[in-house]
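As C-alpha coordinates, the structure follows; a few thoughts come after it.
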Amino acid sequence: MSKVVLGGSFAGIGTTSIISERRPEVHRQMRNYLANAFSDRSILEQEEIVAASVDAFIHIAGVRGSRKEGFNLSKTLQSLSFDITGDLSFGETFGALKSGEIVDVLNRFPILQKVVPVIMGKKLKKLTQDTKKNEELSIKAVESRVKRTTDRKDFLTRILEDRDPSVVSNQQIAAHASDFVIAGSDTTATTLASLIYYLLRNPRVMSLLTEEIRTSFQRYEEITYNSTASLQYLRAALLEAMRIYPPVPMGLPRAVPEGGDTVDGVFLPGGVTVSTNPIATCLSNHNFHDPWSFKPERWIGKNECDDLDCSQPFSLGTRGCMGRNLAWLSLRTIAVKLIWVYDLELVNSSMDWHRESQMHTLWRKPDLFVRARNRGVKHPLLEIDAVQ
Ligand code: HEM
(Lines give C-alpha, C1' and ligand atoms only; values in the text may rest on other atoms or scores of the structure.)
Protein backbone atom coordinates (compact mmCIF):
# COMPACT_ATOMS: atom_id res chain seq x y z
CA MET A 1 0.00 0.00 0.00
CA SER A 2 1.29 3.47 -0.75
CA LYS A 3 0.77 6.80 0.90
CA VAL A 4 0.09 9.93 -1.13
CA VAL A 5 3.30 10.36 -3.03
CA LEU A 6 3.56 13.24 -5.47
CA GLY A 7 0.49 15.09 -4.23
CA GLY A 8 -2.76 13.45 -5.28
CA SER A 9 -5.58 15.62 -6.46
CA PHE A 10 -9.15 16.35 -5.41
CA ALA A 11 -8.97 14.50 -2.07
CA GLY A 12 -10.39 17.69 -0.51
CA ILE A 13 -13.65 17.27 -2.47
CA GLY A 14 -13.97 13.58 -1.84
CA THR A 15 -12.48 12.12 -5.01
CA THR A 16 -9.36 10.03 -4.80
CA SER A 17 -7.15 9.52 -7.82
CA ILE A 18 -4.49 7.16 -9.09
CA ILE A 19 -1.79 8.74 -6.90
CA SER A 20 -3.81 9.45 -3.75
CA GLU A 21 -5.92 6.26 -3.59
CA ARG A 22 -4.64 3.99 -0.79
CA ARG A 23 -7.08 1.07 -0.86
CA PRO A 24 -5.30 -1.63 -2.92
CA GLU A 25 -8.50 -2.97 -4.51
CA VAL A 26 -9.80 0.44 -5.63
CA HIS A 27 -6.34 1.41 -6.81
CA ARG A 28 -6.10 -1.79 -8.87
CA GLN A 29 -9.41 -0.99 -10.58
CA MET A 30 -8.17 2.50 -11.39
CA ARG A 31 -4.96 1.14 -12.90
CA ASN A 32 -6.97 -1.32 -14.96
CA TYR A 33 -9.20 1.27 -16.56
CA LEU A 34 -6.34 3.71 -17.10
CA ALA A 35 -3.88 1.14 -18.48
CA ASN A 36 -5.06 1.44 -22.06
CA ALA A 37 -4.20 5.13 -22.18
CA PHE A 38 -0.55 4.26 -21.50
CA SER A 39 -0.15 1.19 -23.73
CA ASP A 40 2.48 1.08 -26.49
CA ARG A 41 -0.30 1.37 -29.09
CA SER A 42 -1.66 4.52 -27.43
CA ILE A 43 1.81 6.04 -27.16
CA LEU A 44 2.27 5.67 -30.92
CA GLU A 45 -1.05 7.42 -31.47
CA GLN A 46 -0.11 10.18 -29.02
CA GLU A 47 3.25 10.76 -30.68
CA GLU A 48 1.93 13.47 -33.01
CA ILE A 49 0.63 15.56 -30.10
CA VAL A 50 3.92 15.16 -28.22
CA ALA A 51 5.95 16.04 -31.33
CA ALA A 52 4.09 19.34 -31.77
CA SER A 53 5.33 20.58 -28.39
CA VAL A 54 8.81 19.08 -28.87
CA ASP A 55 9.16 20.88 -32.22
CA ALA A 56 8.05 24.17 -30.64
CA PHE A 57 10.74 23.62 -28.00
CA ILE A 58 13.41 22.92 -30.64
CA HIS A 59 12.49 26.14 -32.42
CA ILE A 60 12.60 28.17 -29.19
CA ALA A 61 15.94 26.59 -28.21
CA GLY A 62 17.41 27.89 -31.48
CA VAL A 63 15.95 31.38 -31.11
CA ARG A 64 16.78 31.92 -27.44
CA GLY A 65 19.86 29.70 -27.31
CA SER A 66 21.65 31.53 -30.13
CA ARG A 67 22.06 34.58 -27.88
CA LYS A 68 25.31 35.14 -26.02
CA GLU A 69 23.55 34.80 -22.66
CA GLY A 70 21.94 31.52 -23.79
CA PHE A 71 18.60 30.30 -22.49
CA ASN A 72 17.46 28.68 -19.29
CA LEU A 73 17.26 25.06 -20.40
CA SER A 74 15.99 23.80 -17.06
CA LYS A 75 13.00 26.18 -17.02
CA THR A 76 12.23 25.70 -20.71
CA LEU A 77 12.18 21.91 -20.29
CA GLN A 78 9.77 22.36 -17.39
CA SER A 79 7.45 24.38 -19.64
CA LEU A 80 7.77 21.81 -22.42
CA SER A 81 6.85 18.89 -20.19
CA PHE A 82 3.90 20.85 -18.77
CA ASP A 83 2.65 21.46 -22.29
CA ILE A 84 3.02 17.80 -23.28
CA THR A 85 1.29 16.33 -20.23
CA GLY A 86 -1.38 19.06 -20.21
CA ASP A 87 -2.14 18.53 -23.87
CA LEU A 88 -2.52 14.77 -23.39
CA SER A 89 -4.40 14.98 -20.09
CA PHE A 90 -6.83 17.85 -20.63
CA GLY A 91 -7.14 17.93 -24.39
CA GLU A 92 -5.55 21.38 -24.72
CA THR A 93 -2.03 22.70 -24.38
CA PHE A 94 -1.16 24.89 -21.39
CA GLY A 95 0.85 27.16 -23.69
CA ALA A 96 3.65 27.42 -21.11
CA LEU A 97 6.39 27.22 -23.75
CA LYS A 98 5.04 30.13 -25.75
CA SER A 99 4.09 32.35 -22.83
CA GLY A 100 7.32 31.45 -21.01
CA GLU A 101 5.33 31.73 -17.79
CA ILE A 102 4.20 28.76 -15.78
CA VAL A 103 2.18 31.15 -13.60
CA ASP A 104 -0.40 31.49 -16.40
CA VAL A 105 -0.80 27.74 -16.39
CA LEU A 106 -1.31 27.71 -12.65
CA ASN A 107 -4.00 30.33 -12.79
CA ARG A 108 -5.91 28.24 -15.29
CA PHE A 109 -5.32 24.96 -13.50
CA PRO A 110 -5.25 25.85 -9.82
CA ILE A 111 -5.04 22.26 -8.70
CA LEU A 112 -1.43 22.34 -9.85
CA GLN A 113 -0.71 25.17 -7.45
CA LYS A 114 -0.45 22.66 -4.64
CA VAL A 115 2.55 20.93 -6.05
CA VAL A 116 4.26 23.30 -8.46
CA PRO A 117 5.42 25.84 -5.86
CA VAL A 118 7.19 22.94 -4.16
CA ILE A 119 9.15 22.49 -7.35
CA MET A 120 9.51 26.07 -8.45
CA GLY A 121 10.10 27.91 -5.19
CA LYS A 122 8.63 30.66 -3.05
CA LYS A 123 8.56 33.38 -5.69
CA LEU A 124 5.99 31.46 -7.66
CA LYS A 125 3.93 30.76 -4.57
CA LYS A 126 3.64 34.49 -3.94
CA LEU A 127 2.53 35.15 -7.49
CA THR A 128 -0.24 32.61 -7.30
CA GLN A 129 -1.46 32.77 -3.74
CA ASP A 130 -4.30 35.19 -4.52
CA THR A 131 -5.99 32.74 -6.86
CA LYS A 132 -8.91 31.33 -4.93
CA LYS A 133 -10.26 29.15 -7.67
CA ASN A 134 -10.76 25.47 -7.01
CA GLU A 135 -10.73 22.20 -8.92
CA GLU A 136 -13.71 23.35 -11.02
CA LEU A 137 -11.48 24.64 -13.79
CA SER A 138 -9.85 21.27 -14.29
CA ILE A 139 -13.27 19.61 -14.33
CA LYS A 140 -14.49 22.18 -16.89
CA ALA A 141 -11.51 21.42 -19.13
CA VAL A 142 -12.34 17.71 -18.99
CA GLU A 143 -16.05 18.36 -19.58
CA SER A 144 -15.33 20.48 -22.60
CA ARG A 145 -13.00 17.79 -23.99
CA VAL A 146 -15.66 15.10 -23.35
CA LYS A 147 -18.30 17.12 -25.27
CA ARG A 148 -16.03 17.92 -28.20
CA THR A 149 -16.25 15.63 -31.22
CA THR A 150 -12.63 15.11 -32.17
CA ASP A 151 -10.33 12.52 -33.64
CA ARG A 152 -7.36 13.67 -31.58
CA LYS A 153 -5.60 10.84 -29.78
CA ASP A 154 -4.81 11.83 -26.22
CA PHE A 155 -5.14 10.08 -22.83
CA LEU A 156 -8.83 10.93 -22.76
CA THR A 157 -9.45 9.10 -26.05
CA ARG A 158 -8.78 5.72 -24.48
CA ILE A 159 -10.11 6.58 -21.01
CA LEU A 160 -13.45 7.73 -22.44
CA GLU A 161 -13.65 4.72 -24.75
CA ASP A 162 -13.25 2.34 -21.81
CA ARG A 163 -15.26 4.09 -19.13
CA ASP A 164 -18.65 3.39 -17.63
CA PRO A 165 -19.84 6.95 -16.77
CA SER A 166 -21.87 5.65 -13.83
CA VAL A 167 -18.63 4.40 -12.25
CA VAL A 168 -16.07 6.93 -13.50
CA SER A 169 -17.32 10.53 -13.37
CA ASN A 170 -15.88 13.55 -15.16
CA GLN A 171 -14.64 14.72 -11.77
CA GLN A 172 -12.79 11.45 -11.31
CA ILE A 173 -11.19 11.82 -14.73
CA ALA A 174 -10.17 15.39 -13.94
CA ALA A 175 -8.51 14.15 -10.75
CA HIS A 176 -6.52 11.55 -12.70
CA ALA A 177 -5.67 14.11 -15.38
CA SER A 178 -4.23 16.47 -12.76
CA ASP A 179 -2.19 13.58 -11.37
CA PHE A 180 -0.78 12.82 -14.81
CA VAL A 181 0.51 16.38 -15.11
CA ILE A 182 1.97 16.27 -11.61
CA ALA A 183 3.57 12.83 -12.07
CA GLY A 184 4.77 13.27 -15.64
CA SER A 185 5.99 16.82 -16.05
CA ASP A 186 8.66 17.50 -13.45
CA THR A 187 10.12 13.99 -13.69
CA THR A 188 10.64 14.22 -17.45
CA ALA A 189 12.07 17.75 -17.28
CA THR A 190 14.42 16.77 -14.45
CA THR A 191 15.81 13.76 -16.32
CA LEU A 192 16.55 15.83 -19.41
CA ALA A 193 18.13 18.69 -17.44
CA SER A 194 20.35 16.16 -15.64
CA LEU A 195 21.26 14.50 -18.95
CA ILE A 196 22.25 17.72 -20.70
CA TYR A 197 24.16 19.05 -17.67
CA TYR A 198 26.19 15.85 -17.31
CA LEU A 199 26.81 15.65 -21.05
CA LEU A 200 28.15 19.18 -21.06
CA ARG A 201 30.42 18.39 -18.10
CA ASN A 202 31.70 15.24 -19.81
CA PRO A 203 32.88 16.05 -23.36
CA ARG A 204 33.93 12.44 -24.04
CA VAL A 205 30.42 11.18 -23.34
CA MET A 206 28.82 14.06 -25.27
CA SER A 207 30.97 13.30 -28.28
CA LEU A 208 30.07 9.57 -28.26
CA LEU A 209 26.37 10.34 -27.95
CA THR A 210 26.53 13.05 -30.62
CA GLU A 211 28.23 10.60 -32.97
CA GLU A 212 25.54 7.98 -32.36
CA ILE A 213 22.71 10.45 -32.90
CA ARG A 214 24.10 12.28 -35.93
CA THR A 215 25.04 9.13 -37.78
CA SER A 216 21.63 7.55 -37.22
CA PHE A 217 19.43 10.11 -38.97
CA GLN A 218 19.55 11.91 -42.31
CA ARG A 219 16.50 14.08 -41.77
CA TYR A 220 14.80 15.67 -38.75
CA GLU A 221 11.51 13.93 -39.58
CA GLU A 222 13.12 10.52 -39.11
CA ILE A 223 13.44 11.09 -35.34
CA THR A 224 10.57 9.18 -33.72
CA TYR A 225 9.73 6.91 -30.77
CA ASN A 226 10.45 3.80 -32.84
CA SER A 227 13.51 5.05 -34.70
CA THR A 228 15.25 6.15 -31.48
CA ALA A 229 14.61 2.85 -29.68
CA SER A 230 17.75 1.18 -31.01
CA LEU A 231 20.15 3.93 -29.85
CA GLN A 232 22.05 2.02 -27.15
CA TYR A 233 24.30 4.83 -25.97
CA LEU A 234 21.34 7.20 -25.68
CA ARG A 235 19.43 4.69 -23.54
CA ALA A 236 22.51 4.21 -21.36
CA ALA A 237 23.06 7.96 -20.96
CA LEU A 238 19.42 8.49 -19.93
CA LEU A 239 19.58 5.64 -17.40
CA GLU A 240 22.79 7.12 -16.03
CA ALA A 241 21.19 10.60 -15.81
CA MET A 242 18.35 9.06 -13.76
CA ARG A 243 20.82 7.16 -11.54
CA ILE A 244 23.07 10.07 -10.68
CA TYR A 245 20.16 12.51 -10.19
CA PRO A 246 17.06 10.42 -9.38
CA PRO A 247 14.03 12.30 -10.77
CA VAL A 248 11.91 11.17 -7.80
CA PRO A 249 14.54 11.55 -5.10
CA MET A 250 12.36 10.87 -2.06
CA GLY A 251 11.90 7.44 -0.50
CA LEU A 252 8.42 6.29 -1.57
CA PRO A 253 6.51 5.19 1.53
CA ARG A 254 5.02 1.71 1.80
CA ALA A 255 3.06 0.29 4.76
CA VAL A 256 4.04 -3.15 6.07
CA PRO A 257 0.90 -5.34 5.79
CA GLU A 258 -1.09 -6.54 8.78
CA GLY A 259 0.73 -9.29 10.67
CA GLY A 260 4.12 -7.82 9.80
CA ASP A 261 6.76 -8.96 7.38
CA THR A 262 10.49 -9.49 7.12
CA VAL A 263 12.48 -6.94 5.14
CA ASP A 264 16.15 -7.65 4.50
CA GLY A 265 16.24 -10.12 7.41
CA VAL A 266 14.58 -7.75 9.90
CA PHE A 267 11.03 -8.41 11.15
CA LEU A 268 8.80 -5.30 10.98
CA PRO A 269 5.35 -5.08 12.59
CA GLY A 270 2.27 -4.36 10.44
CA GLY A 271 1.53 -0.69 9.79
CA VAL A 272 5.15 0.45 9.95
CA THR A 273 6.09 2.70 7.04
CA VAL A 274 9.17 1.67 5.09
CA SER A 275 10.90 3.19 2.09
CA THR A 276 14.07 2.98 0.05
CA ASN A 277 15.94 6.21 -0.45
CA PRO A 278 16.89 6.52 -4.16
CA ILE A 279 19.71 8.97 -3.52
CA ALA A 280 21.34 6.62 -1.01
CA THR A 281 20.98 3.53 -3.19
CA CYS A 282 22.02 5.23 -6.43
CA LEU A 283 25.03 7.07 -5.02
CA SER A 284 26.37 4.50 -2.60
CA ASN A 285 29.74 3.00 -3.52
CA HIS A 286 28.41 -0.30 -2.18
CA ASN A 287 26.12 -0.40 -5.21
CA PHE A 288 27.97 1.57 -7.87
CA HIS A 289 31.68 1.86 -8.53
CA ASP A 290 32.78 5.52 -8.63
CA PRO A 291 29.13 6.60 -8.11
CA TRP A 292 29.65 10.32 -8.70
CA SER A 293 31.09 9.75 -12.19
CA PHE A 294 28.71 9.98 -15.13
CA LYS A 295 29.41 6.75 -17.04
CA PRO A 296 26.74 5.53 -19.49
CA GLU A 297 29.00 2.54 -20.16
CA ARG A 298 27.74 0.97 -16.89
CA TRP A 299 24.47 0.25 -18.69
CA ILE A 300 26.00 -1.41 -21.75
CA GLY A 301 27.06 -5.06 -21.92
CA LYS A 302 28.39 -7.08 -19.01
CA ASN A 303 28.97 -5.16 -15.77
CA GLU A 304 30.47 -6.84 -12.74
CA CYS A 305 31.26 -3.64 -10.82
CA ASP A 306 27.77 -2.20 -10.29
CA ASP A 307 24.49 -3.48 -8.90
CA LEU A 308 22.37 -1.92 -11.63
CA ASP A 309 19.05 -2.99 -10.09
CA CYS A 310 19.67 -0.53 -7.26
CA SER A 311 18.60 2.29 -9.60
CA GLN A 312 14.83 2.06 -10.15
CA PRO A 313 13.80 5.52 -11.39
CA PHE A 314 10.28 4.35 -12.31
CA SER A 315 9.85 2.30 -9.11
CA LEU A 316 8.50 -1.25 -9.17
CA GLY A 317 5.37 -3.25 -8.45
CA THR A 318 1.73 -2.31 -8.25
CA ARG A 319 2.45 1.41 -7.79
CA GLY A 320 5.26 1.63 -10.34
CA CYS A 321 5.15 4.36 -12.98
CA MET A 322 2.25 4.02 -15.43
CA GLY A 323 3.72 6.61 -17.76
CA ARG A 324 7.10 5.08 -18.50
CA ASN A 325 6.37 4.48 -22.21
CA LEU A 326 5.35 8.08 -22.61
CA ALA A 327 8.39 9.13 -20.59
CA TRP A 328 10.69 7.24 -22.98
CA LEU A 329 8.95 8.81 -25.97
CA SER A 330 9.60 12.30 -24.61
CA LEU A 331 13.08 11.61 -23.24
CA ARG A 332 14.36 10.02 -26.43
CA THR A 333 12.85 12.35 -29.00
CA ILE A 334 13.64 15.56 -27.09
CA ALA A 335 17.27 14.58 -26.43
CA VAL A 336 17.84 13.34 -29.98
CA LYS A 337 16.23 16.31 -31.74
CA LEU A 338 18.16 18.76 -29.55
CA ILE A 339 21.54 17.12 -30.12
CA TRP A 340 20.89 16.30 -33.78
CA VAL A 341 20.28 19.98 -34.56
CA TYR A 342 22.39 21.94 -32.08
CA ASP A 343 25.89 22.16 -30.66
CA LEU A 344 25.28 22.94 -27.00
CA GLU A 345 27.49 24.83 -24.57
CA LEU A 346 27.19 25.70 -20.87
CA VAL A 347 27.15 29.46 -20.31
CA ASN A 348 28.71 29.11 -16.87
CA SER A 349 31.11 26.21 -17.22
CA SER A 350 32.27 26.33 -13.60
CA MET A 351 28.79 25.98 -12.12
CA ASP A 352 28.11 22.85 -10.03
CA TRP A 353 24.43 22.49 -10.95
CA HIS A 354 23.97 19.25 -9.03
CA ARG A 355 25.45 20.64 -5.81
CA GLU A 356 23.26 23.74 -6.07
CA SER A 357 20.09 21.67 -6.48
CA GLN A 358 17.82 21.32 -3.47
CA MET A 359 15.49 18.47 -2.68
CA HIS A 360 12.01 19.49 -1.53
CA THR A 361 10.09 16.25 -2.12
CA LEU A 362 11.11 16.66 -5.77
CA TRP A 363 14.12 18.65 -6.98
CA ARG A 364 14.29 22.41 -6.88
CA LYS A 365 16.61 22.79 -9.80
CA PRO A 366 18.86 25.82 -10.29
CA ASP A 367 18.85 27.72 -13.58
CA LEU A 368 20.84 26.01 -16.30
CA PHE A 369 21.86 28.51 -18.97
CA VAL A 370 22.94 26.91 -22.23
CA ARG A 371 23.86 28.20 -25.70
CA ALA A 372 22.49 26.29 -28.69
CA ARG A 373 24.13 26.81 -32.09
CA ASN A 374 22.55 25.23 -35.14
CA ARG A 375 25.27 23.01 -36.68
CA GLY A 376 23.98 23.83 -40.17
CA VAL A 377 20.67 22.00 -40.31
CA LYS A 378 18.18 23.62 -42.69
CA HIS A 379 14.51 23.12 -41.85
CA PRO A 380 11.46 25.44 -41.87
CA LEU A 381 11.08 24.77 -38.13
CA LEU A 382 14.50 26.27 -37.47
CA GLU A 383 13.96 29.63 -39.13
CA ILE A 384 14.51 32.27 -36.47
CA ASP A 385 11.68 34.69 -37.20
CA ALA A 386 8.47 33.26 -35.75
CA VAL A 387 7.80 32.36 -32.10
CA GLN A 388 10.15 33.86 -29.50
C1 HEM B 1 11.36 10.30 -16.42
C2 HEM B 1 10.06 10.35 -16.23
C3 HEM B 1 9.33 9.68 -15.09
C4 HEM B 1 9.81 9.13 -13.94
C5 HEM B 1 11.25 9.01 -13.49
C6 HEM B 1 8.67 8.65 -13.18
C7 HEM B 1 8.75 8.04 -11.94
C8 HEM B 1 7.67 7.55 -11.24
C9 HEM B 1 7.75 6.89 -9.99
C10 HEM B 1 9.04 6.64 -9.22
C11 HEM B 1 6.50 6.51 -9.64
C12 HEM B 1 6.11 5.64 -8.48
C13 HEM B 1 5.45 6.22 -7.35
C14 HEM B 1 5.23 5.10 -6.33
O15 HEM B 1 5.80 4.01 -6.46
O16 HEM B 1 4.49 5.34 -5.42
C17 HEM B 1 5.60 6.98 -10.66
C18 HEM B 1 4.24 6.81 -10.66
C19 HEM B 1 3.40 7.27 -11.64
N20 HEM B 1 3.76 7.89 -12.81
FE21 HEM B 1 5.64 8.28 -13.41
N22 HEM B 1 7.54 8.92 -13.89
C23 HEM B 1 7.89 9.54 -15.06
C24 HEM B 1 7.04 9.97 -16.07
C25 HEM B 1 5.68 9.82 -16.06
C26 HEM B 1 4.79 10.28 -17.10
C27 HEM B 1 5.24 11.00 -18.38
C28 HEM B 1 3.53 10.00 -16.70
C29 HEM B 1 2.22 10.27 -17.41
C30 HEM B 1 1.80 11.39 -17.76
C31 HEM B 1 3.62 9.33 -15.42
C32 HEM B 1 2.54 8.84 -14.72
C33 HEM B 1 2.61 8.19 -13.52
C34 HEM B 1 1.46 7.74 -12.77
C35 HEM B 1 0.00 7.87 -13.21
C36 HEM B 1 1.94 7.17 -11.58
C37 HEM B 1 1.12 6.58 -10.46
C38 HEM B 1 1.04 5.07 -10.56
C39 HEM B 1 0.24 4.45 -9.45
O40 HEM B 1 0.18 4.98 -8.34
O41 HEM B 1 -0.34 3.39 -9.70
N42 HEM B 1 4.93 9.24 -15.07
N43 HEM B 1 6.34 7.60 -11.65
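Would you mind computing, in nm to one decimal, how far apart the modelled labels at Ser144 and Ser293 are, each placed 7 Å from Cα along Cα→Cβ?
Here the modelled spin labels are 5.4 nm apart.
From largest accessible area down, sort Cys305, Cys310; use a 1.4 Å probe on the protein chains.
Cys305, Cys310
Could you tell me what % of all Cα pairs in the stretch 326-388 have separations over 20 Å?
Across the stretch 326-388, Cα pairs with separations above 20 Å total 50 percent.
Based on DSSP H runs of at least 4 residues, each adding -39500 (n - 2.57), what is the mean residue ellipticity at 222 nm of the chain after dividing by all its residues, to the nearest 500 deg cm²/dmol?
For the chain, the value works out to -15000 deg cm²/dmol.
Put a dot 7 Å past each Cα toward the Cβ at Ser66 and Asp352; how far apart are the dots in nm?
3.7 nm
Send over the Kirkwood Rh of the chain, from the inverse of the averaged 1/r over different Cα pairs, rounded to one decimal Å.
Result for the chain, one decimal place: 21.8 Å.
Would you list Met242, Met359 from the most to the least accessible area, probe 1.4 Å?
Of Met242, Met359, the descending order of accessible area is Met359, Met242.
Between the stretch 313-388 and the stretch 54-88, how many Å separate their Cα centres?
8 Å
So what are the stretch 218-265's ellipsoid semi-axes, whole angstrom, largest first, if each one is the square root of 5 times an eigenvalue of the alpha-carbon gyration tensor?
Ellipsoid half-lengths, sorted descending, are 40, 13, 11 Å.
In debye, nearest 20, what is the charge dipole magnitude of the stretch 13-92 about its Cα centre with +1 on Lys and Arg Cβ and -1 on Asp and Glu Cβ, if you could check?
420 debye
Would you mind estimating how fast the stretch 230-388 diffuses translationally, via Stokes-Einstein at 4 °C and 1.567 mPa s with the Kirkwood radius over Cα pairs, in µm²/s?
D = 69 µm²/s.
Roughly speaking, what is the centre-to-centre gap between the stretch 237-264 and the stretch 161-227 when only Cα atoms are used, to the nearest Å?
Using only Cα atoms, the two centres lie 21 Å from each other.
Hey, got the dipole for the chain? About the Cα centre, +1 on K and R Cβ, -1 on D and E Cβ, debye to the nearest 20?
800 debye
For Leu316 and Thr215, calculate 0.36 nm times their separation in residues minus their Cα-Cα distance, and state this gained length in nm to one decimal.
32.9 nm
Among Gly65, Leu44, Met206, which residue has its Cα furthest toward the positive end of the charge dipole of the chain, with +1 on Lys/Arg Cβ and -1 on Asp/Glu Cβ?
It is Gly65, whose Cα lies furthest towards the positive end.
Rounded to the nearest 10 Å², what accessible area does Lys140 show when all protein chains are kept and the probe is 1.4 Å?
Its accessible surface works out to 120 Å², give or take rounding.
The values are calculated or read from the model by the stated rules, or taken from the named source; none is laboratory data. Everything numeric in this text was worked out from a predicted model, so none of it was measured. No Cβ is skipped: glycine too gets one built from the backbone with ideal geometry, and neighbour counts run over all protein chains shown. Each accessible area value is taken on the protein alone, full model and side chains, heavy atoms only, with ligands, DNA and RNA left out. Shrake-Rupley method; radii C 1.70, N 1.55, O 1.52, S 1.80 Å.
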